[in-house]
1. Relative to the present Cα-Cα distance, how much length would full extension add between H85 and Q37 at 0.36 nm per residue of separation?
2. Round to the nearest 0.05 the FRET efficiency obtained for L3 and F23 when R0 = 30 Å and r is the Cβ-Cβ distance.
3. Arranged from highest to lowest average of other beta-carbon atoms within 10 Å per residue, in what order do the peptides 128-136, 100-108 appear?
4. May I ask you to compute the full-extension gain from T58 to S114, defined as 0.36 nm times their residue separation minus their alpha-carbon distance, rounded to one decimal in nm?
5. Among A62, L45, L84, which residue has its Cα furthest toward the positive end of the charge dipole of the range 2-91, with +1 on Lys/Arg Cβ and -1 on Asp/Glu Cβ?
6. What are the ³J(HN,Hα) couplings of the range 60-71, residue after residue, when phi is run through the Karplus curve with 6.51, -1.76, 1.60 and θ = phi - 60°? Round to Hz, x for glycine and proline.
7. Could you sort 34-40, 15-21, 1-7, 76-82 so that the peptide with the highest average Cβ count within 10 Å comes first and the rest follow in order?
8. Only Lys, Arg, Asp and Glu count, each charged at its Cβ (+1, +1, -1, -1), so figure out the dipole size of the range 2-91 about its Cα centre, rounded to 20 debye.
Amino acid sequence: MILVGTISFVLLMVCVYLIARPFLIPQLAVAAGDTAQLEEERARLGGQLHDLEMEFSTGKLAEIEYTAQREKREAELAAIEEALHEAAIDDAEPYGDDELEALIAARREALAGSSCPSCAGPTDPDDRFCRACGADLTEVISR
């Protein structure tokens, strides 16, 4: 009898923890570069919105509760989307005009040094076939 009571109490505590966990976890603090956690939170909120839709469509949830819960989840989702957008902007490393011109010039020099023996079209060192005529470039490289 005591064993059954102890097991029941433990199961009750696990259920209480699982139900209270979303309320105990603090709101996401947006850390630069920590997009994986934001992606997980976005997926979780998407699932919750789907569940709300299902509960409302089956009549398990009143319209007032549905509207309030949906607005709350959509606001959280919008905040996460904004944080993801800001993180993507912060992670981007834009090139200046001079740096971009230097990259283009370096690429042109690399392409100018290699050409197809059949049509003299530009090729990359990693190409196995010519982009212009389709000639097999592995035979030329192996010689």
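Any read-out appearing in this document is the output of simple, stated calculations on the displayed coordinates, not a laboratory observation. Since the model is a prediction, treat every value here as computed from it, not as a measurement. Please note: Cβ atoms are built from the backbone with ideal geometry, for glycine as well, and neighbour counts cover all protein chains shown.
1. So the chain would gain 15.9 nm between H85 and Q37.
2. Values: r = 32 Å, r/R0 = 1.05.
Step by step, r from the Cβ atoms, then E = 0.40.
3. Numbers: 128-136: 13.4, 100-108: 10.8.
Packing proxy ranking, top to bottom: 128-136, 100-108.
4. Numbers: separation 56, 0.36 × 56 = 20.16 nm, distance 6.60 nm.
Full extension of this stretch gives 13.6 nm more.
5. A62
6. So the J values, rounded to whole Hz, are 7, 10, 5, 5, 5, 5, 4, 5, 5, 5, 5, 4.
7. Working: 34-40: 13.3, 15-21: 9.6, 1-7: 7.9, 76-82: 15.3.
In decreasing order of mean packing, 34-40, 15-21, 1-7, 76-82 become 76-82, 34-40, 15-21, 1-7.
8. Numbers: 7 positive and 17 negative charges, 131 e Å.
It works out to roughly 620 debye.
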